């Protein structure tokens, strides 16, 4: 009686080899591996910002969506996609789709909305799109860069949010040294609300800049106690 083990062994070996080759080909072309979104950088940004989406098996991506809104994107490699936050996007997960799979980010991506704080202080109100996180920045223009450091040392900046003192002005808005215009320099403060506005949300802000010791900005001299921004009220409304 003849033994057939070698043939069976050979067939089994060929089968494993074929399966291995198929898996390698699928992985190389982004076709069969598990689609995954591992991280998004930055984690929050305004419309128009390009974000980096890292993951696995991204080569077959056919669409990228920010909370359901389709974005323009480029697939840079099997592990990297760059996508632009689309107009109309709101805070929510980022989704990557292929012909056969869908993967979402583990955490919501926050869509920021830059409020014109000076306009808000002037009019007393501003509107924020529902589903976005408002950020605000306000500054003081200097005739020369050299005035900025004395200005910061000679004033106290405060912000009240819904009648409570803001614990910390956002360092992300500290733009001291930015060139504003010919022979003009500007120093900024800002506030990141860290609140995604739902419909009907309102937030009242009062911003003060008070002089603590005599200071000149190249245009005028201010005495201690003078208010450079006399505390106008700004109300944000979600629409």
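The values are calculated or read from the model by the stated rules, or taken from the named source; none is laboratory data. It should be emphasised that the depicted structure is a prediction, and the values quoted were computed from it without experimental measurement. With ideal geometry, Cβ positions are generated from the backbone for all residues, glycine too; neighbour counts draw on all protein chains shown.
General remarks:
- A count restricted to region 68-79 and to residues that are outside any loop (DSSP other than H, G, I, E, B) and under 20 Å from the mean Cα position of the chain (by Cα) stands at 4.
- Residue within region 167-185 that is modelled with pLDDT of 90 or more and in the same structural domain as residue 117 (by TED's automatic domain parsing) present: no
- Enumeration of residues in region 33-50 that are crowded, with 19+ Cβ neighbours inside 10 Å and farther than 19 Å from residue 194 by Cα: 35, 37
- Among the candidates 65, 149, residue that is without any contact (Cβ under 8 Å) to a residue 40 or more places away in the chain and either surrounded by 14 or more Cβ atoms within 10 Å (Cβ to Cβ) or outside any helix (DSSP H, G or I) (or both): 65
- Number of the condition not met by residue 114 [criteria: (1) surrounded by fewer than 19 Cβ atoms within 10 Å (Cβ to Cβ); (2) under 24 Å from the mean Cα position of the chain (by Cα); (3) assigned to a loop (DSSP other than H, G, I, E, B)]: (3)
- Flag for residue 96 being modelled with pLDDT of 95 or more, under 30 Å from residue 195 (Cα atoms), surrounded by 18 or more Cβ atoms within 10 Å (Cβ to Cβ) and under 13 Å from the mean Cα position of the chain (by Cα): no
- Options 103, 126, 83; residue that is assigned to a strand (DSSP E or B) and touching a helix residue (DSSP H, G or I) at 6+ places or on another chain (Cβ under 6 Å): 126
- Breaking point among (1) outside any loop (DSSP other than H, G, I, E, B); (2) modelled with pLDDT of 95 or more; (3) more than 29 Å from residue 192 (Cα to Cα), for residue 55: (3)
- Residue in region 190-234 that is modelled with the highest pLDDT, counting only those that are surrounded by fewer than 16 Cβ atoms within 10 Å (Cβ to Cβ), under 13 Å from residue 159 (Cα atoms) and touching a helix residue (DSSP H, G or I) at 6+ places or on another chain (Cβ under 9 Å): 233
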